[in-house]
Amino acid sequence: MKKTLKILAYTVGTLALLLVLVLGYFHFKGIPNYKYDPPAEIVNLKVPRDSAHVARGRVIGAMQCVECHANAEGKMTGKPISDLPPMFGKIHSLNITQDKKYGIGNWTDGELYYFLRTGIHKDGRWSPPFMPKYSLLADDDIYSVIAWLRSDDPRLAPDIHEAAPNRFNLVVKILANTLFTAPPMPAKPILMPDTSQHVELGKYVANAVGDCYSCHSGDILKVDMLVPEKSFGFYGGGIPLRNPEGETVFSANLTMDKETGIGNWTEQDFIEAVRFGKNPRGGTLSRPMGPRPMLSDAEIKAIFAYLKTVPVIKNPIQRYRASVQ
Ligand code: HEC
Ligand code: HEC
């Protein structure tokens, strides 16, 4: 008996020591650096800056960049990201105004392109997953985002507000070295979707532009950013997010299950929920589900048509407000 206890004590002791060593390793290794290695055509990239590209970039920017980078006055100087589960600690976005020192005024089009695809800065620093990597956006849509970042949109005018660099916690450091590493550059050009193909368009708007699946899947740690369909509980919802008041709000089940998803919704219900944040059960949807007035009717209808092709998942979600169960 005594011997068994001793062996047990040694085993537990060794395991504890190993754990400390592993955690210590990730703590000191920190966020990994990568080789800044864009292909030649990206190094020399000059994106078209015509008004059509700027306008398209503004739409994508409004749905993506503004959500995370705009301060209370709407300027793109960076802000705390408040909707993440608490385990990731405090994280803030950075200044992406055109200021040459504090913003991104000195970045080349190629540097921006490479960063938006991979998260890798030109000095090899890497931004962990809280800055999304746009692996699925069409090349031309990335050009549009860059054209908009260079435009005369007042939200992007130079601003010297300087955010201190993020100090990422141990959970983020471990994830950045294991589950969520830098995605590769796309192997071949990504073309814009064929707008006459309703479902294809919906898939593109939902997965590539709207990034809807990354909140609406089943587990934030099992989201597959390269092949969204492989995400755990794809569109079945249930990820605990936070609203600006710090309360937990679970993402909704967007599959067509009639009881736990949106299988009973009309197309009009869906349009009003996505465009205006209107909850067909009454009241409004809670943040972080914000309204998306920048999406056209055709785009929202296409998302709805696409969701009808996604495998149905039965997953009851605890609603944020008891009154709208
Ligand atoms: C989900 C929130 C989120 C969204 C959406 C988002 N960002 Fe970010 N972004 C961040 C965070 C957080 C950082 C800081 C990362 C770090 O500390 O390395 C960041 C950093 C950056 C940087 C690096 C700035 C620097 O000085 O190092 C650029 C450039 C950038 N974002 C551009 C964009 C653009 C353009 C979009 C829209 C297409 C966008 N971001 C969308 C959260 C976001
Ligand atoms: C930042 C995370 C996030 C993103 C991105 C996001 N959603 Fe949501 N969504 C939520 C949350 C959380 C709820 C639940 C809100 C509530 O319960 O009031 C929700 C609710 C919804 C609902 C209501 C469903 C119901 O049963 O009430 C619809 C529809 C919806 N989202 C569609 C979308 C679409 C389409 C996109 C992409 C364009 C999207 N969402 C992107 C977090 C997100």
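The values are calculated or read from the model by the stated rules, or taken from the named source; none is laboratory data. Values in this document were obtained by computation on a predicted structure and should not be read as measured data. Reconstructed Cβ throughout: ideal geometry from the backbone, glycine too, with neighbour counts over all protein chains shown. Accessible surface is based on the protein model in full, side chains and every heavy atom, while ligands, DNA and RNA are left aside. Shrake-Rupley method; radii C 1.70, N 1.55, O 1.52, S 1.80 Å.
Computed from the Cα positions only, the extents of region 122-180 along the three principal axes stand at 39, 32, 20 Å, in decreasing order. A simple spin-label model places the labels of Asp37 and Asp219 3.1 nm from each other, with each point 7 Å out along Cα-to-Cβ. Indicate the gyration tensor shape class of region 145-244 (rounded, prolate or oblate), computed on the Cα atoms with a ≥ b ≥ c the square roots of the eigenvalues: a/c under 1.5 is rounded; otherwise a/b larger than b/c is prolate and the rest oblate. Taking the square roots of the gyration eigenvalues as a ≥ b ≥ c, region 145-244 is oblate.
State whether region 265-325 is rounded, prolate or oblate according to the following rule on the C-alpha gyration tensor (a ≥ b ≥ c being the square roots of its eigenvalues): a/c under 1.5 gives rounded; otherwise a/b larger than b/c gives prolate, and the remaining case gives oblate.
Numbers: a/c = 2.05, a/b = 1.18, b/c = 1.73.
Oblate.
P(r) tail for the chain: Cα pairs beyond 33 Å make up 31% of the total. Here Lys101 is the anchor, and the lysines within straight C-alpha reach of less than 22 Å, apart from those fewer than 8 places off in the same chain, are Lys46, Lys75, Lys79, Lys122.
With all protein chains kept in place, the per residue accessible area of the chain amounts to 53 square angstrom at a probe of 1.4 angstrom. Dipole check for the chain: with +1 at the C-beta of Lys and Arg, -1 at the C-beta of Asp and Glu, and the Cα centre as origin, the magnitude is about 1360 Debye.
The magnitude of the dipole of region 40-177, with charges of +1 and -1 set on the Cβ of Lys/Arg and Asp/Glu and taken from the Cα centre, is near 400 debye.
For the chain, which longest stretch is free of loop sites, where a loop site is one of the GluC sites (Glu not before Pro) that DSSP puts outside H, G, I, E and B and that has at most 10 other Cβ atoms within 10 Å? Intermediate results must be reported in sequence, preceding the final value.
Working: sites that count: Glu73, Glu245, Glu259.
With GluC sites (Glu not before Pro) excluded where exposed in loops, the chain gives 74-244 as its longest stretch.
Annotation: extensible slack from Ile160 through Lys122 equals 11.6 nm (criterion: 0.36 nm per residue apart, minus Cα-Cα distance). Sorting the segments 205-217, 118-130 by their mean number of nearby beta carbons within 10 angstrom, highest to lowest, gives 205-217, 118-130. Once the Cα-Cα distance is subtracted from the 0.36 nm per residue extended length, the Arg167 to Lys6 segment shows a gain of 53.9 nm. Oblate is the label for region 185-281, because the ratio a/c of its alpha-carbon gyration tensor axes (a ≥ b ≥ c) is 1.5 or higher and a/b is not greater than b/c.
Here is the list for region 230-264: trypsin sites (Lys or Arg not before Pro) lying in DSSP coil, each with at most 12 other C-beta atoms within 10 angstrom of its C-beta, are Lys258.
In region 40-177, the portion of solvent-accessible area held by carbon and sulfur atoms comes to 59 percent [1.4 Å probe, whole percent, DNA, RNA and ligands not counted].
The alpha carbon centroids of region 220-234 and region 6-54 are separated by 19 Å. Loop-located trypsin sites (Lys or Arg not before Pro) in region 137-175 (DSSP state other than H, G, I, E, B) with a sparse environment of at most 14 neighbouring Cβ atoms within 10 Å: Arg167.
Suppose R0 equals 41 Å; then what is the FRET efficiency for Thr14 and Ala305 from their Cβ-Cβ distance, rounded to the nearest 0.05?
Numbers: r = 56 Å, r/R0 = 1.38.
Calculated value: 0.15.
Computed from the Cβ-Cβ distance with R0 of 25 Å, the FRET efficiency linking Lys278 to Ala72 stands at 0.50. Which listed residue (Trp107, Leu175, Trp148) has the Cα farthest towards the positive end of the charge dipole for region 40-177, taking +1 on Lys and Arg C-beta and -1 on Asp and Glu C-beta about the Cα centre? Projecting each Cα onto the dipole axis, the largest value belongs to Leu175.
Computed from point charges on the beta carbon alone (+1 for Lys and Arg, -1 for Asp and Glu), the dipole magnitude for region 1-97 about its Cα centre is near 520 Debye.
Only helical DSSP H runs with n ≥ 4 go in: add -39500 (n - 2.57) per run for the chain, normalise by residue count and round the 222 nm mean residue ellipticity to 500 deg cm²/dmol.
Values: 11 runs with 111 residues, N = 325.
About -10000 deg cm²/dmol.
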